[in-house]
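The values are calculated or read from the model by the stated rules, or taken from the named source; none is laboratory data. These figures come from a predicted structure and were not determined experimentally. Ideal geometry is used to build each Cβ from the backbone, glycine not excepted, and the neighbour counts take in all protein chains shown. Please note that ligands, DNA and RNA were not included when accessible areas were found on the heavy atoms of the full protein model with its side chains. Shrake-Rupley method; radii C 1.70, N 1.55, O 1.52, S 1.80 Å.
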Amino acid sequence: MPPRRRFHRLRPLLAAVALSLAALPLAVAPNLSTAQTLPTLGDTEREGLSPLLERKLGEQIMKEIRHDPDYLDDGPLLEYLNNFGSNLVSVRPDVRGEAGYDFFFFAVRDPVLNAFALPGGFIAVHSGLLLAAQSESELASVLAHEIGHVAQRHIARMIGQQKQNSMIQLASIVLGALAGVSKVGGDAAMATMMGGTGVAMQRQLNFSRDAEREADRVGLQILRDGGFDTSGMVAFFGRLQSASRNFGDSLPPYLLTHPLTTERIADIQARIRDQRYKQRADNPDFQLIRARVRLLQDNSAQGVRDAQAYFESQLRQNTKMQIMVSKYGLAYAAYLQRSYDKAETLLQEARAASQPMVPSILFGNLEIDIKIAKKQPDQALKIAEALRKQFPISRMAARQYADALIESGRYDQAVTYLRDQAQLYRSEVAVQNLLAKAYAGQGKQALQHMALAESYFLSGSLPAAIEQLGIARKAPDATFYDQAMIDARERDLKEQWKEEMKETKGRG
């Protein structure tokens, strides 16, 4: 993947979907009896987008994002971000709002320093921002700020603003078109259209600045109550401001969407001035994840070589932390290059350097991947069983255990385990994919395609899910019970597809 690729393909979609949903009838708002310590927004803002519709919008956008090649669908990275983000949310549970949003944190491949919040509790960071953050307090300052945007329902309020702004823009375009066909000419037409757009942009900018201040305040509360170094927010903003000087007139996207003014930084400094300094030790996983992200950001052959050169240079610092992190990065790079023996040796050296720190799940994760790649499934299974017991709530460890069962040919055991997992975690695409793989190992074609249908459904691909059900129906081993299940599920999915098409047509 080229290192300068941008995650811009979906931005027009986000704007289009947001504006189209703003015109839909509002969903019934949840009960407001739950007390909140954060400010509750008034009915004027609620007219923009209801909490339930806001979540629906976020889920629709996420379906598109997950299909984008720059979405980093990496188990260790996703688990780290969601554990870290969930801990921030748990500090102030009221940020979930009246709809009780389940937050989801993810990363996209882009070297530009940026982060953004989608409607309904979906928060993204760019790979470049993860590499720029020098501590967990700095990363927490960005995520807490984005949590603040969700908590204050800024997207819903912004759509309320856009409903007025879009009318201004529409009127300007119509007036511009009329001027264009008159004797005044095209220049007047362009001036009229640009004038109206400028008014709308100024209104949006004014709203954005206020929203940024509100998000800063919520973010600082989360940092303080979570035991993080609140000066991390000032430090990271200072780094952004310094970086912006290298861009000239072309500011980084984060600074365009998150206006960084001297007044805003001064406001943050004033709020933390009387707070006692808290030194917080970072989880070693933070540095290990950053090493992994360096390779995920650009996993081309040249990108991997560049990362290796970086890790080699970091080894010269000769501290235990740098040795551990650099050796892990070099081990992962060797794994990507299919030099599995070298990867195994480097991983052992990283482990040795980590002593006496708490063992990281990332070591076990990479070791399992290496063993499977080396066609040593029994050893992989032994490590996966130990990792699952050591980290019982880890979804990554659970999926690797299932994968190791399949690779070692224990299909019956894998199916039993995965069917239980599918009941517990109904929205996990990876579980359905593994279940389909296990059924394939058993030679059960109908069940394999039924599991694939669920995987496509959870990924937001209803036509592909319906197609898989059609394949399952024609499978020679489909039982009468399977046929009944297929028919019922197909009717349900076709009805959902019909409703989606009707809704899409209505928006058009």
Check your understanding: Identify, please: which residue in the range 432-489 is open to solvent by less than 60 Å² (accessible area, probe 1.4 Å) and not in a helix (DSSP H, G or I) and is, among those, nearest to Glu407 (Cα to Cα)?
Key -> Gly443
Practice item. Being open to solvent by less than 30 Å² (accessible area, probe 1.4 Å), under 12 Å from Ala404 (Cβ atoms) and not aliphatic (A, V, I, L, M) is the filter here, so list the residues in the range 357-377 that pass it. Key: Gly364, Asn365, Lys371
Review point. Looking at Glu428, is it of a type in the set (Asp, Glu) and touching a helix residue (DSSP H, G or I) at 6+ places or on another chain (Cβ under 7 Å)?
Key: no
Practice item. Under 8 Å between Cβ atoms, at least 6 apart or on separate chains: pull out the pairs that start in the range 378-405 with a residue that is farther than 11 Å from Glu367 by Cβ and of a type in the set (D, E, K, R) and end on any residue that is open to solvent by 80 Å² or more (accessible area, probe 1.4 Å) and not in a helix (DSSP H, G or I). Key: Arg395/Tyr425
Review point. Going by the conditions given, is Arg410 more than 30 Å from Gly364 (Cβ to Cβ), modelled with pLDDT of 95 or more and of a type outside the set (S, T, N, Q)?
Key: no
Practice item. Filter the range 378-408 for residues that are open to solvent by 80 Å² or more (accessible area, probe 1.4 Å) and under 16 Å from Val429 (Cα atoms) and give the result. Key: none
Practice item. Would you please name the residue that is nearest to Ser50 (Cα to Cα), looking only at residues in the range 70-104 that are at pLDDT 90 or above and assigned to a loop (DSSP other than H, G, I, E, B)? Key: Phe103
Study note, to complete from the structure: Scanning the range 409-431 for residues that are part of a loop (DSSP other than H, G, I, E, B) and within 20 Å of the chain's Cα centre (by Cα), the one surrounded by the most Cβ atoms within 10 Å (Cβ to Cβ) turns out to be Glu428
Check your understanding: Do you know which residues across the range 330-364 are assigned to a helix (DSSP H, G or I) and touching a residue at least 40 places away in the same chain (Cβ under 8 Å)?
Key -> Tyr332, Leu336, Ser354, Ile361, Leu362
Point to revise | Within the range 110-119, tally of residues that are surrounded by fewer than 23 Cβ atoms within 10 Å (Cβ to Cβ) and either part of a loop (DSSP other than H, G, I, E, B) or at pLDDT 90 or above (or both) | key: 2
Check your understanding: Can you tell me which residues in the range 120-151 are in a loop (DSSP other than H, G, I, E, B), open to solvent by less than 10 Å² (accessible area, probe 1.4 Å) and at negative phi?
Key -> Ala133
Review point. Looking at Arg294, Arg264, Arg290, which one is modelled with pLDDT under 75, assigned to a helix (DSSP H, G or I) and surrounded by 15 or more Cβ atoms within 10 Å (Cβ to Cβ)?
Key: Arg264
Exercise for review: Output the residue which, of all residues in the range 388-402 that are under 17 Å from Leu78 (Cβ atoms) and part of a loop (DSSP other than H, G, I, E, B), is farthest from the chain's Cα centre (by Cα).
Suggested key: Phe391
